[in-house]
Structures are given as structure tokens and as C-alpha cells.
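Q: Before I ask anything, here is the structure I am working with.
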Amino acid sequence: MLHLFPLLWGLGFITHPVAVDGKALFTDKKCNKCHTIESQGIAVLPKANADEEEDEGSEPKDLSHVGSDHDVAQIKQWLQRTLEKDGKKHKKKFVGSDEELDAIAQWLVSLK
Ligand code: HEC
């Protein structure tokens, strides 16, 4: 009986191969409050309150081809706000585990 434990444990991994899915995370983390990914059919979320002016301003930034401009390391740093672009940091600091950050960055880089 004891021998079965590692086996069952191993099977758990096999039956749940994708613990974190970048695309699902993108919407779970509400990145689509400010971004569209047209190539993936991700539209921007409606504003919580239409009367209220949101600070993110203008057009949502589409990330359909973000992988052609950036690599995983850059995206991770950008999302953690340790990287600046033209003297600016990302609007929103990533909230989540390293595993989630990794998954979301890997997925974004795959969009070319
Ligand atoms: C509050 C609004 C807001 C939220 C929420 C937001 N972003 Fe952004 N993001 C922006 C803005 C604005 C820019 C453009 C900054 C610039 O180019 O100067 C940007 C830029 C980016 C870029 C760089 C695009 C490029 O072409 O250089 C990536 C990647 C990105 N965001 C990913 C994400 C991810 C992933 C999330 C969710 C974890 C997220 N963003 C949530 C506002 C937001």
C-alpha cells in the first residue's frame, strides 16, 4: 500500500499538466482592464463605472504581438516594475506567485 503513494502523487501531475495557464491568468489578473489581445480574442473589460473617468486614460494597449518586441525576462521585470521604458514603469505591479508571473510572461512572449 505504501508504494502506491508516490505513484498516485505522480499521476496527479500528469492529469493536471497545466497548473497555470498564461491566457487564463491574463484575464484572471484583469490585465484586460487596460489591454486587448485581438489575436487571442481578448477584448477589454467594460469599465466598472461608466460615469467615472479612469486614470488609465486613452486606448487600451493591444498586446497581440508583444512577443516580437520583448523576451520573458524583460516582460517579467516590466510587470514587477523593475524595468523602465522611456523613463516610465508599468501602470500596475504584478500581484501573484513567481509561477504565475513566469506563466504569463511565457505566454505573452509566444504572441508574435
Ligand atoms: C491600469 C492599466 C493597466 C493594467 C491593469 C495592466 N496594464 Fe499593461 N500596460 C498599461 C499601459 C498604459 C501600457 C503602455 C505603457 C507604455 O508603453 O508606455 C502597458 C504595457 C504593457 C506591456 C508592454 C507592451 C509593449 O509593447 O511594450 C506589457 C507586456 C503589459 N502591459 C502586460 C500587462 C499584463 C500581463 C497585465 C496584467 C498582469 C497588465 N499589463 C495590466 C496599462 C495596464
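The values are calculated or read from the model by the stated rules, or taken from the named source; none is laboratory data. Note that the structure is a prediction, hence the values are computed from the model and not measured. Note that we place each Cβ from the backbone using ideal geometry, even for glycine, and neighbour counts take in every protein chain shown. The protein model used for the area step is the full one, side chains on, heavy atoms only, and it has no ligands, DNA or RNA in it. Shrake-Rupley method; radii C 1.70, N 1.55, O 1.52, S 1.80 Å.
Q: Arrange the residues T36, T27, T82 by how much accessible surface each exposes, largest first, with a 1.4 angstrom probe. Before the final figure, lay out the partial values.
A: Numbers: T36 20, T27 55, T82 100 Å².
Final ranking, largest accessible area leading: T82, T27, T36.
Q: At what distance in nm do the modelled label points of S97 and L45 sit from each other, each positioned 7 Å from its Cα along Cα→Cβ?
A: 2.1
Q: Also: Run down the lysines and flag those whose C-alpha is under 19 Å from the C-alpha of K93, throwing out any fewer than 8 positions away in its chain.
A: Within the straight-line cut-off, K93 pairs with K23, K29, K30, K33, K61, K76, K85.
Q: Right, another one. Return the long-range amide H neighbours of T36 (sequence gap of 5 or more, or a different chain), with a cut-off of under 5 Å between placed amide H atoms.
A: Here the answer is K61, D62, L63, since their amide H atoms fall under 5 Å of that of T36.
Q: Could I ask something else about it? Compute the semi-axes of the equivalent ellipsoid of the range 20-109, taking the square root of 5 times each eigenvalue of the Cα gyration tensor, and list them largest first in whole Å. Walk me through the numbers before you get to the answer.
A: On the way: eigenvalues 86, 50, 35 Å².
For the range 20-109, the ellipsoid semi-axes come out as 21, 16, 13 Å.
Q: Would you check the accessible area of L83, probe 1.4 Å, heavy atoms only, in square angstrom rounded to 10?
A: Accessible area, nearest 10 Å²: 50 Å².
Q: Roll a 1.4 Å probe over the protein heavy atoms and report the accessible area of E38 in Å², nearest 10.
A: Surface accessible to solvent at E38 totals approximately 140 Å².
Q: Ok, one more. Given the protein chains as shown and a 1.4 Å probe, how many square angstrom of K91 are accessible, to the nearest 10?
A: Around 130 Å² of this residue is reachable by solvent.
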